[in-house]
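Here is the structure we will look at.
Rule-based calculations on the coordinates, nothing more; no lab input. Just so it is clear, the model here is predicted, and its values are computed rather than measured. FYI the Cβ positions are ideal-geometry reconstructions off the backbone, even for glycines, and counts take in every protein chain you see.
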Amino acid sequence: MNTSLSIVIFGASGDLTARKLIPSLYRLHRKGRLPEEARIVGVARSPFSDDAYREKLRGALREFQPKDYDAAVWESFARRLFYVAGDATTEGGLDHLKAWLGQHEGTSGGRRLYYLSVAPELYPKIAAGLGREGMSQENGGWRRIIIEKPFGHDLASARALNRTLAANFDESQVYRIDHYLGKDTVQNVLVFRFANTLFEPVWNHNFIDHVQITVTESVSVGSRGDYYDHSGVLRDMFQNHLLQVLTMVAMEAPARFTADQLRNEKVKVLDAVTVHDADSACGQVVTGQYAGYHKEKGVRPDSKTPTFAAIKVGVNNWRWQGVPFYLRSGKALGNRLSEVVIQFLCPPHLMFPLPPGQILQCNRLAICIQPDEGIHVNFQTKVPDGGMLLKPADLEFHYAKAYPDRPIPEAYERLLLDAMNGEAHLFMRSDEIERAWEIMDPLIAATERPDAPQPQEYAAGSSGPKCADEFLARGGRAWLSLCQH
Ligand code: BG6
């Protein structure tokens with residue numbers, strides 16, 4: 001018989017727990033993928049009975065994921081849910097949890113997944129508390145800890161956090177989450193590249209002009225102004241999600257699909273990325289802020305925090321030398337769209353005369369991460385009955401059409417299951433996180449120094465600040481999108 005499995009969520013009454021973690025666990029339960037012996041125990045300071053906690057989460061599921069809610073499924077899922085009050089950051093604050101675990105695990109010991117879904121300043125305190133109380137020791141069953149983002153505020157704080165984790169857990173027990181890696185379409189980048197022979201031979205500087213990675217959001221900072229205003233888009237989106245997508249696009253194929261081989265290759269990409277000094281960083285980044293940001297709750301009235309940024313990244317290795325990667329992301333924009341565009345080089349010689357003023361649109365390939373997940377390949381066609389008139393057309397693959405009865409799941413479903421199964425492929429290693437901060441720190445510093453230009457204002461619902469277009473125009477390029485029509 002399997003020993004018990006406890007999923008301990010610190011930050012039980014938080015937003016992430018209600019919006020993402022519990023709905024994902026609920027869906028895993030509904031799909032029959034949550035191990036039978038798994039129990040979920042929420043830990044937070046406020047007192048709640050198990051039943052009151054269950055009702056609170058039921059309400060959240062109905063509010064945030066109404067289509068998923070099914071009363072009977074919820075009833076069976078709720079039997080796995082428990083609540084323990086405790087302040088994990090204080091002396092003795094883990095006593096109730098320890099007692100609860102002792103009572104439910106029996107004498108054979110149990111397996112435990114600790115999920116830190118709390119304010120980032122509490123990560124080291126909780127990790128140290130678990131270490132101090134002997135709760136990270138694998139006596140009887142494994143102990144794993146999932147750390148949510150943001151993992152540090154800069155390189156120094158990320159290193160300090162890694163040190164605290166290393167003092168209390170073995171690296172193999174630590175699962176640093178980046179939910180972008182849990183997205184099927186991000187994992188599909190590897191399948192697309194390494195399970196096909198068609199694309200990989202041209203996936204390099206001999207055939208590619210540049211790469212664009214775009215993650216735009218239509219939502220504003222909403223109720224997260226307080227956190228966001230001290231973070232900004234470069235920390236919130238670039239250090240993690242955008243750089244992670246970049247590693248998947250740029251990495252070499254590992255020989256085997258193991259967590260360490262995969263992460264070694266990702267680290268090699270980050271190692272090849274130019275780390276700028278304070279001066280050279282300035283020319284590699286532009287920022288914007290949406291109009292009305294200052295009025296958001298929790299935002300400083302004179303805030304210079306960027307809600308939009310675009311950066312240029314160089315990957316200095318044989319494959320990518322001279323190919324710029326342009327990354328952009330922002331909030332309160334016209335569209336929610338995550339997309340990678342590969343712009344291929346133009347044919348070395350074009351024998352077809354183009355009408356005056358027409359420029360050849362050279363091949364493009366787009367990986368549509370969300371919302372209309374898929375792949376588009378753009379190429380030239382001859383217009384029928386039109387002399388030698390050329391026109392670009394798309395070959396399109398849409399997940400929704402190809403797999404109508406297999407909707408793309410929430411990223412957290414996969415990640416939670418992987419952590420329970422000890423699969424660390426889609427989690428970041430300490431060196432990966434630190435290197436990502438090393439890359440971002442000078443770029444962030446360039447936007448925060450006293451003489452840095454004010455982020456350029458852009459209208460909410462627009463395509464972003466003009467400076468982002470000018471930034472690309474300087475290299476003779478423009479932002480592209482194939483995923484939205
Ligand atoms: C989070 C950021 O990591 O990712 C948020 O903190 C952002 O600011 C979110 O909204 C975007 O995730 P997704 O999956 O909706 O693209």
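When all alpha carbon pairs of the chain are counted in 10 Å bins from zero, the resulting P(r) reads 4, 18, 28, 26, 16, 6, 2, 1, 0 %.
When both the stretch 453-473 and the stretch 300-325 are represented by their alpha-carbon centers, they are found 14 Å apart.
The listed peptides 351-358, 137-144, 182-189, ordered by packing as a protection proxy, come out as 182-189, 137-144, 351-358 (highest mean of other Cβ atoms within 10 Å first). As a calculated quantity, the FRET efficiency between ARG159 and ARG45 at R0 = 35 Å, using C-beta atoms, amounts to about 0.75.
By Kyte-Doolittle mean hydropathy of at least -0.5 and Cα axial length of at least 18 Å, which whole DSSP H helices of the chain are selected? Both cut-offs are met by 155-168, 430-448. Quick check: Cα centre of the stretch 149-210 to Cα centre of the stretch 346-396, how many Å? Going from one Cα centre to the other spans 32 Å. So what's the gap between the Cα centers of the stretch 84-106 and the stretch 11-83, to the nearest angstrom? About 20 Å separates the Cα centre of the stretch 84-106 from the one of the stretch 11-83.
Figure the gain on full extension for GLU457 and THR381 (residue separation times 0.36 nm, minus the Cα-Cα span) and round it to one decimal in nm. Show your work: numbers first, answer last.
Values: separation 76, 0.36 × 76 = 27.36 nm, distance 4.00 nm.
Gain in length upon complete extension: 23.4 nm.
The aspartates and glutamates within cross-link reach of LYS466, meaning a Cα-to-Cα straight distance under 18 Å and a gap of 8 or more places when in the same chain, are GLU217, GLU457.
Contour minus end-to-end for ASP277 and SER172, with contour as 0.36 nm per residue of separation and end-to-end as the Cα-Cα distance?
Working: separation 105, 0.36 × 105 = 37.80 nm, distance 3.34 nm.
Residue separation times 0.36 nm, minus the Cα-Cα distance, leaves 34.5 nm.
Proximity of backbone amide H atoms, modeled 1.01 Å from N, is registered between TYR83 and GLY42, ASP50 at under 5 Å, excluding neighbours fewer than 5 places apart on the same chain.
A Förster radius of 30 Å, combined with the Cβ-Cβ distance separating ARG406 from LEU16, puts the computed FRET efficiency at roughly 0.70.
Give the peptides 89-99, 288-298, 307-317, 411-421 in descending order of average Cβ contacts within 10 Å, highest first. Spell out each step's value before the answer.
Details: 89-99: 15.1, 288-298: 18.1, 307-317: 22.7, 411-421: 20.1.
For the peptides 89-99, 288-298, 307-317, 411-421, the packing ranking is 307-317, 411-421, 288-298, 89-99.
The value of relative contact order for the stretch 118-256, using C-alpha pairs under 8 Å at least six residues apart, is 24 percent. What net charge is computed for the residues neighbouring GLU373, neighbours being all others with C-beta under 11 Å from the C-beta of GLU373, Lys and Arg scored +1, Asp and Glu -1? Computed value for this residue: -1.
For the chain, what's the relative contact order in percent, using C-alpha pairs closer than 8 Å and at least 6 residues apart?
Details: 863 pairs, mean separation 83.2, N = 485.
Averaging sequence separation for qualifying contacts and normalising by length gives 17 percent for the chain.
No disulfide-compatible partner, judged by a Cβ distance under 4.7 Å, exists for the following cysteines of the chain: CYS282, CYS467.
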